[in-house]
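To start, the structure itself, in structure tokens.
Just so it is clear, none of the values below were taken in a lab; they were calculated from the coordinates. Note that the coordinates shown come from a computational prediction; the quantities given were computed from them, not determined experimentally. All Cβ positions, glycine included, derive from the backbone under ideal geometry; neighbour counts span all protein chains shown.
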């Protein structure tokens, strides 16, 4: 009996150790709750709001940025407007689209119609895309949401927005509750929106992790600043390490916001 | 015989529970949501492949929270979680034991050493009690699913109905073969009879594996559903559903993991019996069993990371989103917990081997080198333990100067961990090598050359692993960061296989220093065996939570949404609490089984209790 007590006590201590480490040795992060089903009303939206909705869907419900990011899992879409035309002419193209709008729709619902070289499923010789059909998989975008994402991709991808706002076709569309507002008007608003002040001293904020920007215009020109925002790893300021600044702003900022910010920073002398 | 009746009773119980979901019962007893489907056609009563192909299946149900039956005071998810996990632990154990029992029996036949046969039988003795519990827990799991998640169970049962009948038949076959195999052990001895017995063992393993593969099909279908459209309408045959994308990777992973787990539980059994041994003979016997069980556990543990890697690669290939959910975000931390557990596994297994060197008179030649192995193992463990991205407060971020530590940050990424895990495996192998050599003196003339070749092999291999990791991990771009893992693994395998071949040739016909002193082990070393079993059990529970959680809020990935109140993913601390609770329950049941096997061999002489007992014997 004494052995049973001994081994059981030992078991309890070991299990308790594992339990304690899991509860107190690592941070407790609450995983995100499942998406809530909400109704989407596009009746009152203008095109800017519709594009903003597309942007939100692209980053959140669509989960597009999980792969379409600088990590190289899927192609970047910042020039999708211009490269789409070339792809339609590519001999490897297997789809039926004739316009950019149709191509973008097709690429989301039949991703294997054209696979960018180097991004196919392993062993498929770039004939099969690892991307799921965004209407049917866990993503489940409905027609209206697809059109909103196309509007966003056209807008951010350097081409004219050709889609029109269509009404929702599903009662159970899952979308973020509030659509994003139109472009920001001042550089201070841009700095506030993208929380630059968390790391940099700029616009009255006192972040210390990144370089001080209060007089950055004295030593850096606009080209340098634009590059530093879009590709932070290109040049690392002396005294700072790489990998600190997120490389997401090229994707997230509108061109107007970027230029507002660059002009503002260049003026800080 | 009680055990036979108990198990038969459990079998009948399980069959009764399964009966409503057998093809024959579909027509009249299918609940309302499925009433409109073509499976109500009487022609489908006997399911054949051609029938299934022509069947029209319903779409995945769209449920609301109200569609999930609730029982007051019972958390449905926790109840199913615990029962499923306990069933899986016991199932893994009873399927694994016959695998190595088969090998040990064959070794016994080849060497004609009876101790192997006795050991194999003793393993089966422990396993047979666990078999009844596995069946009971399987029945309980079916019952819990039917009661608490009826729509999910019906959806899966409709798709898998063709295989459920086969599953039930296999279960009967498994029980029948197991009982003949176990109870006929001493009857089927010698000559052809022994071959018949060994064949039964092979059959037992074949049926056992098939059973597990069929059960795995349900689990993997929920992760990577095959032959379903976006609405969840099934449009294939039963084989299509079974042979889904993750089925084979999961089968491979579970077979290897079961072996390691089964070995560790037998190790704990041997440790339990060793601690309670009443004489030196018993101590020697259970020490020998413990050594062999540890050997099995570690042999299976070594390829396990590769099987896990294969599963993860396939998971990514199936769905990048699922792969990223697994390796990033909240689950990234689970791999730090996993590192602690694997570290515990490797350290306890190595510690046991080092203690085991005390059995040999020749171990002094290697004792001084053990401390270096310990240093490498701990260093590798610390690297594996180093987190990649820390969740920090602003103040912490500021004092650290960024999200990554200036020096330790480089140890957080995968290339460093790949180096660490390969070092762990190789140095564990070296521990084993020293243990094997401790009691032997080579007699071949080329022993010195053999040693030199092996030293060169290990040195070159370790440098190669290190350089591959450093060059690809830190001096190439992201896409190549993990590309080094395959040549690293191959290097490890080449080192181990080449060394094992050289060792086998070098120590062929070697002299023993002195007979091994089986039983000359400290009690403390036996707790290392227990630690191994507990760490395996807890780790299986934890990884089961992750595997299941990456489906997120889906019963069946992307086609059948979970709308129950428990659809959210629980955090790690909560999961650790449930896994700990399950492990405690499992250990209580396992210790109970060990105790049962202990009292089974005890005989109490009740003098004067039985009337004319002397006469009756004659």
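In what sequence do A:45, A:71 fall when counting other Cβ within 10 Å, fewest first? Kindly include the intermediate steps, with their values, before the conclusion.
Numbers: A:45 16, A:71 13.
Listing A:45, A:71 from fewest to most nearby Cβ atoms yields A:71, A:45.
Semi-axes of region B:153-206's equivalent ellipsoid from the Cα gyration tensor, sqrt of 5 times each eigenvalue, largest first, rounded to whole Å? Don't skip to the end; give the middle numbers.
Numbers: eigenvalues 224, 17, 7 Å².
Whole-Å semi-axes of the equivalent ellipsoid: 33, 9, 6.
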Of A:94-101, B:113-120, ordering from highest average Cβ density within 10 Å down gives B:113-120, A:94-101
Kirkwood calc, region B:146-293, C-alpha pairs only, radius in angstrom 18.5 Å
Mind computing the radius of gyration and Dmax over the alpha-carbon atoms of region A:1-117? Å is fine for both. 25.6, 81
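Output needed for the protein assembly as shown: three equivalent-ellipsoid semi-axes, defined as square roots of 5 times the C-alpha gyration tensor eigenvalues, in descending order, whole Å.
Details: eigenvalues 584, 282, 117 Å².
For the protein assembly as shown, the semi-axes come out at 54, 38, 24 Å.
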Could you state the principal axis extents of the C-alpha atoms in chain B, from the largest down, to the nearest angstrom? 89, 79, 45
If you average the C-alpha positions of region B:434-496 and of region B:141-172 separately, how far apart do those two centres end up, in angstrom? 48 Å
For region B:242-381, the Rg and Dmax computed from alpha carbons only, in angstrom: 18.9, 58
Output needed: percent of Cα pairs per 5 Å distance bin for region B:438-539, bins running from 0 to the one holding the longest distance. 2, 10, 12, 11, 10, 14, 18, 11, 6, 3, 1, 0
log10 I(q)/I(0) for region B:228-320, Debye formula on C-alpha points only (no solvent), q = 0.16 Å⁻¹, two decimals, reads -0.74
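In peptide B:275-281, what is the residue-averaged number of other protein chain Cβ atoms found within 10 Å of each Cβ? The partial results should precede the final answer.
Numbers: counts 5, 6, 1, 0, 0, 0, 0.
Average per residue, whole number: 2.
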Once you have all Cα-Cα distances for region B:69-222, histogram them in 10 Å bins from zero and send the whole-percent values. 10, 36, 27, 16, 8, 2, 0
Would you mind ranking B:334, B:502, A:51 by Cβ crowding within 10 Å, fewest neighbours first? B:502, B:334, A:51
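Arrange the peptides B:84-90, B:577-583, B:73-79 so that the one whose residues have, on average, the most other Cβ atoms within 10 Å appears first. Kindly include the intermediate steps, with their values, before the conclusion.
On the way: B:84-90: 24.1, B:577-583: 22.3, B:73-79: 14.9.
Ranked from most to least packed, the peptides come out as B:84-90, B:577-583, B:73-79.
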Stokes-Einstein D (µm²/s) once Rh is taken as the Kirkwood radius of region B:478-537 over alpha-carbon pairs, at 25 °C in 0.890 mPa s: 152 µm²/s
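If the viscosity is 0.692 mPa s and the temperature 37 °C, what Stokes-Einstein diffusion coefficient in µm²/s follows for region B:105-162 when Rh is the Kirkwood radius over Cα pairs? Can you show the working numbers first?
Working: Rh = 14.5 Å.
So the translational diffusion coefficient is about 226 µm²/s.
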Taking only the alpha-carbon atoms of region B:515-618, what semi-axes of the equivalent ellipsoid follow from 5 times the gyration tensor eigenvalues under a square root, in whole Å, largest first? 48, 23, 11
At a 10 angstrom cut-off on C-beta neighbours, averaged per residue, how do the peptides A:5-11, B:292-298 rank from highest to lowest? B:292-298, A:5-11
For B:571-581, mean number of other protein chain Cβ atoms within 10 Å: 5
Three-way shape call for region B:169-240 based on the alpha-carbon gyration tensor, with the a/c threshold at 1.5: prolate
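Under the definition of Cα pairs under 8 Å and six or more residues apart, what whole-number percent is the relative contact order of chain B?
Once normalised by length, the contact order is 17 percent.
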Based on DSSP H runs of at least 4 residues, each adding -39500 (n - 2.57), what is the mean residue ellipticity at 222 nm of the protein assembly as shown after dividing by all its residues, to the nearest 500 deg cm²/dmol? -20000 deg cm²/dmol
Inside 10 Å of the C-beta atoms of B:339-345, what's the mean count of C-beta atoms belonging to other chains? 2
